[in-house]
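Peer 1: Have a look at this one.
The values are calculated or read from the model by the stated rules, or taken from the named source; none is laboratory data. Owing to the predicted nature of the structure, the values given are computational and were not obtained by experimental measurement. With ideal geometry, Cβ positions are generated from the backbone for all residues, glycine too; neighbour counts draw on all protein chains shown.
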Amino acid sequence: MPSFKNHRMSEDIHRELTDILRSVKDPRVSNMLSVVRVDLSQDGSHCKVFVSSLRGWDDTVESVRGLKSAAGFIRRELFARLKMRKSPELHFIADDSIERGAEVARKLERMAIAEQEESDDTDQY
């Protein structure tokens, strides 16, 4: 179970990474990229960063390639902003949770429309 300090540092990293990703100049990194989750190891030496793009899975995978090549810049910026004792090694991982969430929302909307049409049909008789 992560300690309070580790959890707080994960939240700080999440907040700063969200801002730093907007300043990455690599064309492969999507401007619609979102940091979904940050998992910091107990000793603070490794950090898994789960990212997702609103534009779909292919865009997310391409953005992860760009982020891996820009990891040195991102790590240096993170270290400078958070004044950390040691900067964790960043591991960027593509995540499709935003896409899955949008798909679930579309299905729920279709079900609501179908239910509404069904109730309209029964009201006519």
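Peer 1: Among the residues of region 22-47, which ones are under 11 Å from the mean Cα position of the chain (by Cα) and free of Cβ contacts under 8 Å to residues at least 60 places away in the same chain? Working first, answer last.
Peer 2: Narrowing region 22-47 to residues under 11 Å from the mean Cα position of the chain (by Cα): 32-38.
Answer for region 22-47, where residues must be under 11 Å from the mean Cα position of the chain (by Cα) and free of Cβ contacts under 8 Å to residues at least 60 places away in the same chain: Met32, Leu33, Val35, Arg37, Val38.
Peer 1: Regarding Val64, is this residue under 16 Å from the mean Cα position of the chain (by Cα), without any contact (Cβ under 8 Å) to a residue 60 or more places away in the chain and within 19 Å of Ala102 (Cα to Cα)? Walk me through it before giving the result.
Peer 2: Values: under 16 Å from the mean Cα position of the chain (by Cα): yes; without any contact (Cβ under 8 Å) to a residue 60 or more places away in the chain: yes; within 19 Å of Ala102 (Cα to Cα): no.
Answer is no for this residue.
Peer 1: Among residues belonging to region 1-40 that are small (Gly, Ala, Ser) and more than 25 Å from Gly56 (Cα to Cα), point out the one that is surrounded by the fewest Cβ atoms within 10 Å (Cβ to Cβ).
Peer 2: Among them, the one singled out is Ser3.
Peer 1: Shifting gears a bit: Could you check Asn6 against (1) assigned to a helix (DSSP H, G or I); (2) at pLDDT 90 or above; (3) not charged (D, E, K, R) and say which number it fails?
Peer 2: (2)
Peer 1: Just to verify a result, which residue in region 51-81, among those that are touching an Asp or Glu at 6+ places or on another chain (Cβ under 7 Å) and at pLDDT below 90, is nearest to Met32 (Cα to Cα)?
Peer 2: Checking each candidate, the answer is Ser53.
Peer 1: If you don't mind, there's one more thing I want to ask. Spot the failing condition for Lys86; the list is (1) in contact with a Ser or Thr (Cβ under 8 Å, 6 or more places away or on another chain); (2) surrounded by 14 or more Cβ atoms within 10 Å (Cβ to Cβ), and only one is missed.
Peer 2: It fails just one condition, (2).
Peer 1: Every residue in region 116-125 that is of a type in the set (Ser, Thr, Tyr) and in a helix (DSSP H, G or I), please.
Peer 2: Our first condition is that a residue be of a type in the set (Ser, Thr, Tyr); within region 116-125, this holds for 119, 122, 125.
Answer for region 116-125, where residues must be of a type in the set (Ser, Thr, Tyr) and in a helix (DSSP H, G or I): Ser119, Thr122.
Peer 1: Quick one: is Ile113 under 18 Å from the mean Cα position of the chain (by Cα) and either aliphatic (A, V, I, L, M) or not in a helix (DSSP H, G or I) (or both)? Step through it out loud before you land on a result.
Peer 2: On the way: under 18 Å from the mean Cα position of the chain (by Cα): no; either aliphatic (A, V, I, L, M) or not in a helix (DSSP H, G or I) (or both): yes.
When the stated conditions are applied, Ile113 does not pass them.
Peer 1: Pairs please, first residue from region 84-107 and farther than 18 Å from Asp58 by Cα, second anywhere and of a type in the set (A, V, I, L, M, F, W, C), Cβ atoms under 6 Å, 6+ apart in sequence or on different chains.
Peer 2: Here the result reads Ser87/Phe79; Pro88/Cys47; Leu90/Cys47; Leu90/Val49; Leu90/Ala71, each pair linking region 84-107 to a residue that is of a type in the set (A, V, I, L, M, F, W, C).
Peer 1: Can you confirm whether region 102-121 contains a residue that is surrounded by 10 or more Cβ atoms within 10 Å (Cβ to Cβ) and under 25 Å from Glu11 (Cα atoms)?
Peer 2: yes
Peer 1: Turning to a different aspect of this structure: Picking from Phe50, Phe73, which residue would you name as being surrounded by 14 or more Cβ atoms within 10 Å (Cβ to Cβ) and either over 13 Å from the mean Cα position of the chain (by Cα) or small (Gly, Ala, Ser) (or both)? It would help to see each step written out before you state the result.
Peer 2: On the way: Phe50 fails: either over 13 Å from the mean Cα position of the chain (by Cα) or small (Gly, Ala, Ser) (or both).
That would be Phe73, the only listed residue that is surrounded by 14 or more Cβ atoms within 10 Å (Cβ to Cβ) and either over 13 Å from the mean Cα position of the chain (by Cα) or small (Gly, Ala, Ser) (or both).
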